[in-house]
1. Report yes if some residue within segment 27-35 is outside the structural domain of residue 140 (by TED's automatic domain parsing), in contact with a strand residue (DSSP E or B) (Cβ under 8 Å, 6 or more places away or on another chain) and at pLDDT 75 or above; otherwise report no.
2. Please work out which one of (1) more than 30 Å from residue 136 (Cβ to Cβ); (2) modelled with pLDDT of 75 or more; (3) loosely packed, with under 10 Cβ neighbours inside 10 Å is the condition residue 63 fails and give its number.
3. Got a number for residues in segment 104-131 being modelled with pLDDT under 85, outside any strand (DSSP E or B) and surrounded by 10 or more Cβ atoms within 10 Å (Cβ to Cβ)?
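The values are calculated or read from the model by the stated rules, or taken from the named source; none is laboratory data. These figures come from a predicted structure and were not determined experimentally. Here Cβ is always computed from backbone atoms with ideal geometry, including for glycine, and neighbour counts include all displayed protein chains.
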C-alpha cells in the first residue's frame, strides 16, 4: 500500500505526467527485467503443465464414469406373446402416494428393429411404445388363482 492509501484510505489517482515519471522511476529501481521475464515465463509454463494434467485427469475420470454407466445399462428384449408392464411417464408432479407408475399388463404383439414394441391392450387396441418404458410382468400367486396360505404362530 502506498502512504497516500494508508493515510486517506483510498488509492491515489495521479495525473498522466506524474504517473509516467513514477513508472520510469520504478523501472530504474527494478533493473532486472530479463530475470523477471524468465521467472514469469517459467511460471506460465508450469501453469500450462498443470492445466494439461487437469485435462488429462478429467478425461480419464469421464472415461471411467462412462464405462461404469455402460455396465449398468441392460438391454431389454421381449418376445411376442410376453406380458409386460408399461411405465406411465405422465405421472410427474403429484402421482399420489400409493398410485403405481406402472400400468398393465399388456401383451407384446411385435418387436421393431429400433427398440420399439407394439402392444395389445386388454380392449384389443394396439399401440407402439419405446422398449425402455417396459418391464416384464410376473404373475403373483393371487393372479394365478393359487391359494395363498398364511402361517399363524401358535
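1. no
2. The single condition residue 63 does not satisfy is (3).
3. Residues meeting the conditions: 1.
Each row is one residue, and each column tells you yes or no for (1) at pLDDT 70 or above; (2) surrounded by 10 or more Cβ atoms within 10 Å (Cβ to Cβ); (3) within 26 Å of the chain's Cα centre (by Cα); (4) in a helix (DSSP H, G or I).
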{"residue": "5", "(1), (2), (3), (4)": "yes, yes, no, yes"}
{"residue": "10", "(1), (2), (3), (4)": "yes, no, no, no"}
{"residue": "14", "(1), (2), (3), (4)": "no, yes, no, no"}
{"residue": "53", "(1), (2), (3), (4)": "yes, yes, yes, yes"}
{"residue": "69", "(1), (2), (3), (4)": "yes, no, yes, yes"}
{"residue": "84", "(1), (2), (3), (4)": "yes, yes, no, no"}
{"residue": "91", "(1), (2), (3), (4)": "no, yes, yes, no"}
